[in-house]
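Everything below concerns the one structure shown next.
The values are calculated or read from the model by the stated rules, or taken from the named source; none is laboratory data. The shown structure was predicted, so the numbers you read here are calculated from the model rather than taken from an experiment. All Cβ positions, even for glycine, are placed from backbone atoms using ideal geometry, and neighbour counts span all protein chains on display.
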Amino acid sequence: MHTVAPPRQTLTAPIKRVRFVYVAAFFLFWTVVISGRLVWLQIIRHSHYVEKAASQQERSVTVAPRRGLLYDRNLRELAMTVSVDSIYAVPKELGSNAADAASLLAHVVHDDPDDRFTSEQSILARFTASHNFAWVAHRVTPEIAERVKDLNLKGVYFQKEFKRFYPNNDLASQVLGYVGAEDVGLGGLEREFEEDMHGTPGKVRTALDARRKVLGSIEQEPLPGENLVLSIDTNIQHIAERALDEQVEKTKALHGVVVVQDPRSGQILALAVSPRFNPNETRHLDPKALSNLAVSDVYEPGSTFKLVTYASALDGANVKPEDLVDCQGGAITIFGRTIHDDISDRGMGVVTVQRALEKSSDVAAVKLAMKLGNERFYKYMRDFGFGDRTGIELPSETRGLLRPVRKWDPASIGSLAIGQEVGVTPIQLVTMVSTIANGGMYLPPHIILSETEKMKGDPELKATPFRPQNELPKNLPDGSHRVISELTAAKMRSMMQSIVVNGTGTLAALNGYSSGGKTGTAQKIDTATHTYSKTKHVASFAGIAPVSTPAIAVAVVIDTPTAGPSYYGGSVSAPVFAEVAQQVLEYLGVPHDQPFNPKKRVDEMKVAKVEHDDHPEDSTADLNAMFAEANALPDDDPLKGTANAGPARPEPEPAASQPAKRSVLNLLPERVLAAFRANGGANTMADAADNKPLTAPKVVPLSQRKEDGGVIVDATKRVAVPSFNGAALRQVVQQASSVGLRVQPVGSGLAREQVPSAGTMVPVGTQVVVRFLR
Amino acid sequence: MAKRVGVDKWLFFVVVLLVLIGLVMVFSASAVMAKERYGSPYTFVSKQAMWALVGLGALLVLMRVDYRKFNNPKIVLPSVAITMLLLIGVFAMRDSHNTHRWFKIGPFFSFQPSEIAKPVLVLFLAWFLQNRMHRMDDWKGTILRAAAPPLLMIALVVKEPDLGTALVCAAVLALMLYLAGAQMRYFAIGAALASPVLYFLLFHVAWRRARMLAYMDPEKDPRGTGFHILQSLIAVGTGGFHGLGLMEGRQKLFYLPEPHTDFIYANVCEELGLLGALFVVALFVVLGYRGLRTAFLSTDPFARFLAFGITCAILIQAFFNISVVLALLPTKGIPLPFISSGGTSVFITLASMGVLLNISRETD
């Protein structure tokens, strides 16, 4: 079988079995080396190679988050982020056509000769600089993108990029701020809420094969930033800006601020600064226009600050409006410093406190402050919010200037009483006025209603249109505190009204609404000489409307008016207040509480003769005539016995109404009429009491627009406030409700004091503050 | 007369397991690429499966054919002659990738003569050395005559060029001469003579030189010459302990050169981790152990040399391939036996395993 079998002895003899062992050992050694190498690579160097693998297999791309939107309170977009096309090219795909492509593209995208980025040369330069990627143009308009798409160039691509867009251009620009490169907020709310609004960038990790082909991606969605709902109402903001711009331009002022606030929530409805900037055009920004003067600008308030002095004295020193005060002919010397009243008040002797405020008497203010004393006056000022930040959600807010008592010199109280040695911001000013308007409660101002992830259209995000409330909310916001009593506040409101009616604020009168407020004219402090400037002034006005239940508080500050009839608050800022308040109240559908004269536009009421802080008093006669006319009762006044007509269909009966009115008036008890006269004729009844012949005003249908569900009640339905003196609470309430008034009781016992005082003609529904004492 | 017993079951299972792992890994490594190149992800794996089946058939046949039938000059010498002719004839074929490794017969059938060279070389040496162990100090009569035909074959393989296979053949030649009892001085002389040749081959052929430099410092030029070896290391390294999971490897996606052939082990490491990588090594170790054991226990010198040569050829090739993947050795294009995609390789390897299994019948 084994034909080729070798001889036996040669089979095994020379075999060296040990060589098997060596060969086996050699392979074993190799195995150990391989195993060791595997452990080294796969376990010890594992993370190193995982990193290396990721760096070549994955491309991580950051996806910019969408910046949060800014809405006004009615959810109108104030700032939004839109996605626009940016154009880039992959030069190697352009091939040899790069030059032609650059020329074609530049022809389309190079719309701004100043923009060097999109010039043909720079596009071509970028094409030659990189093989894989070159920008053509950033954030182009849809039209340009469309035209580039029409070019149909190979190797040209589009990428969506976000662009901040302010649909109202310069509206509220200092409030909103603007966004710079890299989507970073650089001013206003954009800066203050940068962190919340920016959002969290997303990541796309793309797995690639060796030929850069995308195999799939893991995405981490970018989280859009939070949206802010502002308390601003775009319409009110617009009204305020337009009125302010007009006046700033007319008076050639440096700048101006108007703040409109809801006195019962502290919410800012409008914050207008003039001049403004357009945040859409960040390339041409004027750095001077960027700061929000309403919170960053400190100025010496002057006479507007007397509201604080008077309110404090009424509240804390038991001063009454009807108390008498000696104005000493217009000069007072305290601790060696003589404070002079303006020329207009020279010769003013003993007058009521109310009259002193109407005339803005410095002497009276100083005396009232001294009645309080340093400590108490200081506490009131602090309580009103001066000398401290209000905490409004805006950047760069200053505290203003209010030195603690220990740093006062002996005469300081006199200066402070008339608004000197104190620096305030417009936002502090308006908040102070709101405190008086809402019945004495300091409510910290806010401009943000909510921060939310929800977008407009989400049923959970609802518009919160501003509707003036009659009362303070049950749950007061954090930081609110009582400053003055309800009664003091009511007295102050009534005095503020008389400033407009009889005093320095006549240009703040409205058509169809009562208004109150205080003017102020302060000399600017010359920073170079640290003295009061003789030529530069800040004209301000702080007011409320309507007076009985104020819907809005407004502060107007105009810095350094240089042109126009005068630089006084009464003539520069008060008209702005009137313009703003008139339009805003009409816009809000606030019922008229005064006869509305549809023919009279507010500005027509501004007769040439205006009483200023320093103007002679003899202009009052004309004013009285004017107000007699302005305040004449309309025909459908209930006092005339005619049926009340709804707002939609008033019935003009000019001829028949006049006797009717008179007869009704005559029916009033003599006591009430006397009270009207005694009360100085807060407004309407002056002419009736004087028994002057009435010029029947023409009544045409009320032409207010009905907006946002605002109910327009016929404002002319008015009643006389009964005298509650000596009555118990139950009686007071019954009596009041029988004529359609509401009662705000203070204290307990029997009625001793009331505001408005008995006999005042007020619209139905007005709140009467009654103080009860045992 | 040896008693006839069953084949070595360990060997048989290890071979079947390796072939199965090979099929799975070939599919995993080539599916994406095959889909892209040929439109079907099964292009490579089906071809491989077909060759594996044919190879297993050959294994089963040869397992039953008495190995002594090959101990015949009428078989050995024509085999050597035909292999030589094929190795020469391959140069007449159109080159692919500047190499002449493939013999194409018709559009579907092609094979690599260098793969045939390995078993023929083993067969020749086993036949030649079986009677000459007592004359191993006769360098003219034994050493030179034993080495001359293999060296000629090796020279032709180098010329293809297929330096990797040539080195495997050289190593097999050396190991068989060593087992036959050749004195160490012949190896020293052989090494001394081979070194300058090897140096010339490695460093004076531009692309090999680049590969050598890349091997020495793969991260120096990661996008250029170091690319392949670095990609291989990344694949191995990312595998970690468990691996990314079967089919989950990323490096095969055009990062790894030849992910289904020469660098398939990198894919194994990446997808099956240290566990899978060591398991494959362990299978080869078992194969080596059972193969060497067969040779050791064999009483027939021809069978001993044959079993030894077959085992060593497979082991050297496997470890060489793995070492290249792990950057222990410079890149040489040789397949991983049983596992790498490649029809000739898997067929010849399985066929030679059939012979080894037949020999193992007598050793148990």
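Brief remarks follow.
- Considering only residues in segment B:155-183 that are within 14 Å of chain A (Cβ to nearest Cβ) and among the small types (Gly, Ala, Ser), the one that is surrounded by the most Cβ atoms within 10 Å (Cβ to Cβ) turns out to be B:ALA180.
- Flag for A:ALA134 being loosely packed, with under 13 Cβ neighbours inside 10 Å and over 22 Å from A:ASN280 (Cα atoms): no
- With respect to the conditions (1) in contact with a Gly (Cβ under 8 Å, 6 or more places away or on another chain); (2) over 20 Å from A:ARG283 (Cβ atoms), A:ARG67 lacks only one, and its number is (2).
- Restricting segment A:375-401 to residues that are hydrophobic (A, V, I, L, M, F, W, C), over 18 Å from the mean Cα position of the chain (by Cα) and buried (at least 19 other Cβ atoms within 10 Å of the Cβ) leaves a set whose member that is nearest to A:LEU314 (Cα to Cα) is A:PHE377.
- The number of residues in segment A:447-503 being aliphatic (A, V, I, L, M) and not in a helix (DSSP H, G or I) comes to 10.
- All conditions in (1) within 12 Å of another protein chain (Cβ to nearest Cβ); (2) modelled with pLDDT of 80 or more hold for B:TYR186, with the sole exception of (1).
- Qualifying strands (runs of 3 or more DSSP E) (wholly inside segment A:222-323; at least 1 residues being under 30 Å from A:VAL204 (Cα atoms) and touching a Phe, Trp or Tyr at 6+ places or on another chain (Cβ under 7 Å)): A:227-230
- Check on B:ALA214, within 12 Å of chain A (Cβ to nearest Cβ) and either within 24 Å of the chain's Cα centre (by Cα) or among the basic types (Lys, Arg) (or both): no
- Neighbours by Cβ (under 7 Å, 6+ apart or cross-chain): first from segment B:230-257, within 8 Å of chain A (Cβ to nearest Cβ) and touching a residue at least 12 places away in the same chain (Cβ under 8 Å); second of a type in the set (Ser, Thr, Tyr) and not in a loop (DSSP other than H, G, I, E, B): B:LEU233/A:TYR49; B:ILE234/A:TYR49; B:THR238/A:TYR49
- Top-ranked residue in segment A:260-316 [being more than 19 Å from the chain's Cα centre (by Cα) and β-branched (Val, Ile, Thr); ranked as modelled with the lowest pLDDT]: A:THR282
For every residue, the table says whether it meets (1) basic (Lys, Arg); (2) buried (at least 19 other Cβ atoms within 10 Å of the Cβ); (3) modelled with pLDDT of 90 or more.
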position: A:THR141; (1), (2), (3): no, no, no
position: A:LEU151; (1), (2), (3): no, no, no
position: A:LYS160; (1), (2), (3): yes, no, no
position: A:LEU171; (1), (2), (3): no, yes, yes
position: A:VAL184; (1), (2), (3): no, no, no
position: A:PHE193; (1), (2), (3): no, yes, yes
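- Selection status of A:THR128, more than 30 Å from A:HIS238 (Cα to Cα), more than 14 Å from chain B (Cβ to nearest Cβ) and in contact (Cβ under 8 Å) with a residue 24 or more places away in the chain: yes
- Conditions (1) at positive phi; (2) free of Cβ contacts under 8 Å to residues at least 24 places away in the same chain; number of the one not met by A:GLY155: (2)
- Segment A:504-525, residues that are surrounded by fewer than 24 Cβ atoms within 10 Å (Cβ to Cβ) and either assigned to a strand (DSSP E or B) or of a type in the set (A, V, I, L, M, F, W, C) (or both): A:GLN523, A:LYS524, A:ILE525
- Scanning segment A:740-773 for residues that are more than 19 Å from A:LYS320 (Cβ to Cβ) and exposed (fewer than 15 other Cβ atoms within 10 Å of the Cβ) turns up just one, A:SER748.
- Annotation note: Cβ proximity below 6 Å between a residue of segment A:547-560 that is within 17 Å of A:ALA272 (Cβ to Cβ) and a residue that is outside any strand (DSSP E or B) and aromatic (Phe, Trp, Tyr) (sequence gap 6+ or interchain) occurs for A:VAL554/A:PHE577; A:VAL556/A:PHE577.
- Here the condition is being surrounded by fewer than 22 Cβ atoms within 10 Å (Cβ to Cβ), on the phi < 0 side of the Ramachandran plot and not charged (D, E, K, R); of B:LEU152, B:LEU121, it holds for B:LEU152 alone.
- Taken over segment A:483-498, the criterion of being farther than 16 Å from A:PRO550 by Cα and surrounded by 24 or more Cβ atoms within 10 Å (Cβ to Cβ) is satisfied by A:VAL483, A:ILE484.
- Residue satisfying all of: in segment B:294-310; within 9 Å of another protein chain (Cβ to nearest Cβ) and closer than 19 Å to B:LEU350 by Cα; surrounded by the most Cβ atoms within 10 Å (Cβ to Cβ) among these: B:PHE308
- Tallying residues that are within 20 Å of B:GLY343 (Cα to Cα) and over 23 Å from the mean Cα position of the chain (by Cα) within segment B:52-92 yields 0.
- Residue within segment A:171-185 that is of a type in the set (Val, Ile, Thr) and over 30 Å from A:VAL590 (Cβ atoms) present: yes
- Restricting attention to segment B:31-44 and to residues that are in contact (Cβ under 8 Å) with a residue 60 or more places away in the chain and touching a helix residue (DSSP H, G or I) at 6+ places or on another chain (Cβ under 9 Å), the residue that is nearest to the other protein chains (Cβ to nearest Cβ) turns out to be B:MET33.
- Any pair with Cβ under 7 angstrom, 6 or more apart, that starts in segment A:194-208 at a residue that is away from chain B (no Cβ under 14 Å) and ends at one that is of a type in the set (S, T, N, Q) and in a strand (DSSP E or B): A:PRO201/A:THR62; A:GLY202/A:GLN220; A:LYS203/A:SER60; A:LYS203/A:THR62; A:LYS203/A:GLN220; A:VAL204/A:SER217
- Residue among B:PHE200, B:PHE241, B:PHE279, B:PHE227 that is farther than 30 Å from B:VAL16 by Cα, surrounded by fewer than 16 Cβ atoms within 10 Å (Cβ to Cβ) and among the aromatic types (Phe, Trp, Tyr): B:PHE200
- Residue match in segment A:214-233 (condition: among the polar types (S, T, N, Q), in contact with a strand residue (DSSP E or B) (Cβ under 7 Å, 6 or more places away or on another chain), closer than 21 Å to A:ALA581 by Cβ and modelled with pLDDT of 90 or more): yes
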